[in-house]
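Just below is one structure, and these are the notes that go with it.
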Amino acid sequence: MQHSSSVRLISAIAAVGGLLFGYDTGVISGALLFIKETWTLTAFEQGWIVSSVLVGAILGAVLSGNLTDRLGRKKIIVITALAFFVGSLATALARSPLELMIYRGLIGFAIGIASYTVPLYISEIAPDDKRGALVSLNQLAITVGIVLSYLIDGVFAKVEHGWRYMMGVGVVPALLLAAGMLLVPETPRWLISRGHAEKAKEALRRIYGDCDEAAEVSKIRGSMLHEEQGSFRELAAKWMRPALIVGIGLMFIQQATGINTIIYYAPTIFQLAGFESEVSAISATVGIGVINVLMTIVSIRLLDKLGRKPLLYIGLCGMIASLAVLGEAFYSGSAGGALKVVSVLSLIVYVAAFAVSLGPICWLVISEIYPTQIRGLAMSVATVANWGFNLVVALTFLPLVEFLGTAYTFWGFAVVGVWALWFCKAKVPETKGKSLEEIENNWRRMSTEP
Ligand code: BGC
């Protein structure tokens, strides 16, 4: 099959959904400082302004898993873009902390949907040998969205009511996503699963240009032969169980090794390490965001060559080592200036190691390992797990630091990392270069082996 560049362009358009995910989760870290000037907020209210996004994301992932299978991938991304648009506008104009919380919840709802629909959409249009790189464009867009949010926070920091602009800027990518998605086709796999073979052929022509559409359609059909209608019963079937555990396990690892304590609280951690001014703490944070982007690019170049599992091992080892050092630096604490240097260096290694491994690979693998008709549902279960674990870590991080101390908290994340090495070795399949059909057949074979 000849791969035209349109598959790349279509994937990039869908990945704007990832950019909104990153922007809208990152923007609050800076905006919160200024929201506190508009209203006097209790710690509890602040906590909820941050966490309402996560609660919304959980709901989004729960409610729309099944919708994506019923209405189609494309339509759901368009609706999501509109929710991002309305949410960004409404948060910018919010008249009370309660309104802000509710509208942030709406944005979270959109993030929850986008976080699984975008990788799902891309994985279904991507050719097997480029799937890793194309699906991971979404993760790249997330990291770019995070850095943009840090930078935009900086730009509006000195403007009166600047936080309203920080929130409002989100309407621009939302409009781009809505307009872009109206121009791209639905995925051929979804169309076939709904019995629209002719439309699927048309979609194949638009995505790949010249290709043997009839052969592609029968290949996709072949993989659907054994499949019943997607339902929770099918999802709980014995042969699907290991795949379900892999999805939920990877999401647990991605969140419980602590990435978002860095993404959401990096300035606080830098201050704990002795950076006195807010400006220096925030600049160090932008640096961390840039490393996140650059190393995601490195990962995208390596994913389809080295494979997913080797990158997981390398990344996890880097994360464990840097967390251990960071914990030690906080434990012995007294070294003054040395603590600053060690904390910055270990956070750089940590984020770099996350960005080459758990960042892109968890989302990628859950878009690859489930059969088509339950893929939407199964991915949404893994996505709900991701946001659920994210919420638990976000809510418990500061109390844990208070209760156990910073050192033991980071060591705790490192212990999860060691367990994760075992989990990846024992449970996660290598999906590099395999067709979605082959991956599915492997699970079936495993379930019948004694
Ligand atoms: C994770 C997010 C995280 C981001 C950081 C994503 O893969 O799901 O929770 O904030 O990576 O780059």
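A short reminder: the numbers here are calculations on the coordinates, not readings from a lab. Keep in mind that this is a model prediction, so the values were computed, not measured. Neighbour counts are summed over all protein chains in view; Cβ atoms, including those assigned to glycine, are modelled from backbone coordinates with ideal geometry.
Key figures for this structure:
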{"read-out": "Point-charge dipole on Cβ atoms (K/R +1, D/E -1) for the chain, about Cα centre, debye to 20", "value": "620"}
{"read-out": "Proximal aspartates and glutamates to residue 434, defined as alpha-carbon separation beneath 19 angstrom and excluding residues fewer than eight positions away on the same chain", "value": "124, 128, 129, 216, 304, 368"}
{"read-out": "Net charge, residue 359 excluded, C-beta distance under 15 Å - Lys, Arg +1, Asp, Glu -1", "value": "+2"}
{"read-out": "Nearby aspartates and glutamates by direct alpha-carbon distance to residue 238 (threshold 16 angstrom, same-chain neighbours under 8 apart not counted)", "value": "227, 228, 440, 449"}
{"read-out": "Angle in degrees between helix 436-448 and the longest Cα principal axis of the chain, rounded to the nearest 10", "value": "90"}
{"read-out": "Whole-Hz ³J(HN,Hα) from phi, Karplus 6.51 cos²θ - 1.76 cosθ + 1.60, for segment 167-177, glycine and proline x", "value": "5, x, 4, x, 5, 5, x, 5, 5, 4, 5"}
{"read-out": "Among the listed pairs 75/219; 75/130; 309/340, those beyond 27 Å (Cα-Cα)", "value": "309/340"}
{"read-out": "362, 424 arranged by Cβ crowding within 10 Å, fewest neighbours leading", "value": "424, 362"}
{"read-out": "Neighbour-count order for 257, 117, 448, fewest beta carbons within 10 angstrom listed first", "value": "448, 257, 117"}
{"read-out": "In degrees, nearest ten, helix 131-155 long axis to first principal axis of the chain (Cα)", "value": "30"}
{"read-out": "Over the chain: helical MRE at 222 nm, DSSP H runs n ≥ 4 each giving -39500 (n - 2.57), nearest 500", "value": "-28000 deg cm²/dmol"}
{"read-out": "Residues 11, 357, 29 arranged by fewest to most Cβ contacts within 10 Å", "value": "29, 11, 357"}
